[in-house]
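Bear in mind these aren't lab numbers, they're just calculated from the coordinates by the rules spelled out. Everything numeric here is computed off the predicted structure, so don't read it as measured data. No Cβ is skipped: glycine too gets one built from the backbone with ideal geometry, and neighbour counts run over all protein chains shown.
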Amino acid sequence: MSESKQVACDGGLPRFMIGCENDESKELDDTDMRDISRSYGEDEDEDQSMERQIVVGICSMMKKSNSKPMTEILERLCKFEYITVVIFSEEVILNEPVEKWPLCDCLISFHSKGFPLDKAVSYAKLRNPLLINDLNMQYFIQDRRQVYRILQEEGIDLPRYAVLNRDPDRPEECNLVESEDHVEVNGEIFHKPFVEKPVCAEDHNVYIYYPTSAGGGSQRLFRKIGSRSSVYSPESTVRKTGSYIYEEFMPTDGTDVKVYTVGPDYAHAEARKSPALDGKVERDSEGKEIRYPVMLTAMEKLVARKVCLAFKQTVCGFDLLRANGHSFVCDVNGFSFVKNSMKYYDDCAKVLGNMVMRELAPQFHIPWSIPMEAEDIPIVPTTSGTMMELRCVIAVIRHGDRTPKQKMKMEVRNALFFDLFEKYGGYKTGKLKLKKPKQLQEVLDIARQLLAELVQHNDCEIEEKKSKLEQLKTVLEMYGHFSGINRKVQLTYLANRQPKASSGEEDSQKEGPSLLLVLKWGGELTPAGRVQAEELGRAFRCMYPGGQGDYAGFPGCGLLRLHSTYRHDLKIYASDEGRVQMTAAAFAKGLLALEGELTPILVQMVKSANMNGLLDSDSDSLTDCQQRVKARLHEIMQKNRDFSDEDYHKLAPTGSPSLVNSMEVIVNPVSICDQVYTLIQSLTSQICKRLEDPKSANLQLYHSETLELMLQRWSKLERDFRMKNGRYDISKIPDIYDCVKYDTQHNSSLGLEDMLELFRLSRALANIIIPQEYGLTKAEKLDIASAYCLPLMKKIQLDLQRTHEDEAVNKLHPLYSRGVMSPGRHVRTRLYFTSESHVHSLLNIFRYGGLLDELNDEQWKQAMDYLSAVTELNYMTQIVIMLYEDNNKDPSSEERFHVELHFSPGVKGCKDEDNAPMGFGFRPASSENHEKQTNPGSLEDLSQDEPDRAAVSEPISIQRKSPLIRNRKAGSMEVLSESNTSSRGAAFRIFPSTSRQSPEIKPSGLGFEGCSMVPSIYPLETLHNSLSLKQVDEFLTGVCKNGSETQFKRMKSLSAMFESHAEPSIDVESQETPVSTPVQSSQPPDRPLWYSSGPDSSVSSAGPSSPSVTEPTSNFGFNSE
C-alpha cells in the first residue's frame, strides 16, 4: 500500500487520512495505521477522556479524492469536533476485497471512470454506513435514457425527446427516417436544429445539427481539450451506429447554467458560455474556465430539490437550460463540486457536517444541536452623486454589405409547376415561397426536363420561354450546391390573366390560369459585410459601463461581464432574409467576443422574427399610398426636360438638401437616364472583350464571382432598363446603383472605364428614387412608414415599458458580488436587424411624426438639418434608443427616466469623405445643459465606472460657447472636453474600430480575396439626449393610434404570438403587454406610467458604490483573448 498521508488541520483538530481498517491492515503495513487505530479509540485510557469520533469515509478514484475542491471541503469538514475523515486509497479500492476496506460510519462514494461501483455497493451492504450519495442510483445516472425516465416521472421539465435504440432484440425501437431538415425517430419528428446524445452518459460526443436555412452542418461537443469544447463540422447527416437520444434544441442565448446541490435545501448555480456556441472555453489568468454564480428562481430551486431527492444524491450536479421563459433539465451528472468558490466550500462542508451529525450523533450519544444562523442579507451598494443607470438599449440595424440582388420573372403553365405548387400548399394562400435545398432542387429538375423537351422546337414564344428557363437553370446551378440562404423561388397563382413577364414585354392574350414564377438570387452577405457587422458589434460594447480589475484595458468587458452573469437581458431579432440573419450572427459574435463559424451563433442567439411584419415586409404587396407615390415619381422622372420649380415642389416638398442637391446634379432626368444607359452598354462591351481575352479566362472576381456572372447581371440590367417603347423603367435605378456600388467597391481592380461616372450619375438618381419611394410629402411618408413599421414601433414601446419591471430578470447572486459594480443592475438590450425599408420607415416616423417641435427645440432642429443632409441609409445604418434611470429623482417624476436617440448612416460610401454631412458627435452637451457642470444624460457620468478605456486619445480643448463642434479624426475614440469642466466632464466618442481609417490606408487583415477593402462605418450621432420616457411613450402611442384599421388587425395576430409561449421564435416574456392593445401601465392606476419601484428597488445604479465602501478587484471578467 502507498504511504499513508496525514493532513493536519488548524488548531490541533482531527485529521483526515488515507488508510484501511486497523485490524485488517497489519498484513499490509502495521506502522502506517497507528494514527487510524488511535482515531478508532483503541487506546482505552484515551477513550475514557474523549467521545467516540464519527468516521466519514471517502471512497472514490484518487484523482477525485485529491482534487482541490475535495481537499478544501474535507479540511473544513475536519473542523467539526466529532468528525474524522478517512480517504480510501485507490490501491485498496481496486485491489483489495471489500472486507479489507477501512471501516466508516458515513460513506461518501461516487462513480467516475475506472471506479468499481459494484464493489462499493457490496461494501455498503456489508458495513451499512450512512450513504451521502445512494450507490445503486449511480447505475441509472450512467444511462441518459434512465436519467430522462426519472426526470419525466418526477414531473421535471426536460426537452422533448425520443430514444433510438439500435438493439437487435428490439427492432421496434430503431425506426429512423432522415430528411434534409428533420429526422423522424420512432414516429416523433425533430426539426433542425436538434441535439443527438449518446445514451451512455460517459460519452460526451453530443452533436447539434443545424438547418440548411442557417447554413447546415453540425456542432460537435466533446470533453474539454485545452481551450476547446466543441468544433463546427459541415457534416449534416446523423450518426448511423450506436444508440442515441434525439431532442429538441433549446435556444438559450448562448449560456448554460450548472446547478450544484448539497442536500435538497441548498443549491449553488453558475453560468458559463455554452460549449455549442463557438467551442472556445473562456479561461481566467489561472487557466480555469470562467463561470459566474447566478440566482435561481423559486421554480428552479424546486427543480434542484426534486433532482436531489429523485436520484438520492445529496451532492449532485445537473445542467439547466433557460429558454423561452422556462427552465429545462438536460443532464444529471451525479456527484460534482463547484470549483474555485470559497463560499461554496464553506457552505458545502457546513451542510454535510450538520447532516452527518444530525443523523449519527444521537446513536453515538454525542451532544449536538444544529447552530441557528441568521439569513445572509443581500446588500447592494447604493447610488452616490448624480450618476444615471443605463437600463435599456434598443437598436434597429440594417444588414451589412451584400452582393447585388437580382430577380427574374416568368409566367409558367406547365403541369409540373402546378404539381409543385400543390405539393407545398400553395393553393391555401395563392402564394408559395421555396427556399429549402430540396425544394430548389425540384424546381431545377423541372427546368432541366422542360429544356430537354424544348430542344426540337423553334417557335418564337417557346424560344423566349427557353431563354427564361435557361436562366432559371443557370442560377439554380450556381455554386454547385444549395445552402438555403442565397436563392429563392416564389410562385403566385394567376387566374385567367397574364401579367407582363418583365417590364419590357407586351401583354399576351392567353387564357386560363397560370403561375408567376419569380426567381430571386444574390443579396448574400459578403465577407466585408461580416467584418462590418462584427466590428460594429465589438464597438457596441463600449456603450455599456463596467470593466475593471484584471480586465481593465479590455474595451467593453463591462458588457461581457453583464451578459455572462445574466444581468444582461439580451434578445436579437432578425428578418427571415439570409443576409439579415447572418449580419445579426456576426454582430453577436463581435458583441459577445465569440469565435468560430456563424451558423451555431445564428441558431442559438438570433430569433427569426417573421411574424406579421415585425421585421419583414412583403415587397410584392405595396400599399395603395405607395403605389400612388411610385406612379407620381415615375411620371416626373419620365419627363424629357429640365426640372421645373413645380417638379422641385412635387419631388422634394420637404425641401431636403440631399434631394435638392441630387436634382441639381441631374437637371434633366431622361437625359441622365440616356447617359446611364450608354455607360451600361459601354460596360457590358468592355466585359465581353475581357471574356474574349485568354488572360482573363480564369479571372476570379470578388466573392468567387466570374466575369460571365458579372456580364449576366449587367446585360440583364441593360435589357430591363430601356423598355421596348423606348422609355426607361425607373424602378431599375436602385438595382443599377446597387451593382455599380458593388463593383466600384469590390471589383475596381478590373479597371473598367467610366465606372466612377456611372456611379456618380446612378447615385444622383438613386438618392431621389430610393428615399422618395417611401413617400413624397410628410403625410405620405408617415402613412407608408406605418404600414412597414407599426408592429416594430409597438414592440419598441413595449421594450421601454418593460425595462423597469424586474420580476423575470435573472441577477447575479449578491453574496458573490464583491468587486462587481452594481451587482443587482440589469440592462435590457433588444437588437432588431432588418432591411432598408424598415430603417427608412422608422427614421421617417421619428422625423415627421411630431416627436419634438423644431421651432422650440434647438437640438432637434440641428438633428433634423443633419438628417436632411444624409443622402443614403447605407449598410449597417443604426437607429439607437437608450433609456437611463436617475435614482436620485422622485420615482413618480418625469425626470426619473431619460431617453436618448442616436443615429448612424452606416458604412461610408465611395468618395464620401468630401461631402459627408457633419453631425454633432455622440452625446454632446445639449443647449439646456450649457450651464451645468455635467450633462446628467451623457457618457461622462459613467466614466468613473469605466476605468478600462484603453484607446482614448488626448482631450481636445473646445470652447464652451460651441459645445457641439467635434473632432473628426478617424481611427480613434475621440474625447471632447470643455475647457473648465471637472475631471468627469469628458464625453466619449463611441465606436473606435481598427477598420475605421483614412480611405487611402488599407486596413491590414481586412482585405478579402485580394481585391477588396472593408469600408469603415460612421460613428453614432446623437439626435437628442434629453427626452423623457413620458414624451417618448406618448409619441409612440400617438403614432400607433394613427395606424389604419387593417394594420391593427395585423397587430392583433402579432399580439397573440407575443402572448403565446408556444412560439419559440419570438420569446417575449409572459409579463409583456399584448402588442395590439393601447399601452397600459403595469403600475397601479393612480401612478403615472413612468413610475418606478423607487429607492428600495433591487436594481442599483450604474454609479460606483458609496465612497465609504472600498471595492476589491473584480473576481469576475472575461479573458481578453
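Here are the numbers for the structure shown:
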item: Listed pairs Lys240/Lys571; Lys423/Lys794; Lys438/Lys695; Lys639/Lys741; Lys639/Lys794 exceeding 31 Å between Cα atoms; result: Lys240/Lys571; Lys423/Lys794; Lys438/Lys695; Lys639/Lys794
item: log₁₀ of I(q)/I(0) at q = 0.21, 0.23 Å⁻¹ - segment 93-204, Debye sum with one point per alpha carbon; result: -1.16, -1.29
item: Residues listed by number, segment 291-313, amide nitrogen under 19 Å from Ser112 label point at 7 Å toward C-beta; result: 313
item: Whole-Å semi-axes of the ellipsoid equivalent to segment 745-798 (Cα gyration tensor, √5λ, descending); result: 36, 16, 5
item: Spherically averaged projected area in nm², based on the convex hull that wraps the Cα atoms of segment 641-696; result: 5.0
item: Principal axis dimensions, segment 175-244 - Cα atoms, whole angstrom, descending; result: 38, 28, 15
item: Of Lys405/Lys431; Lys436/Lys781; Lys63/Lys339, those spanning more than 24 Å from alpha-carbon to alpha-carbon; result: Lys436/Lys781
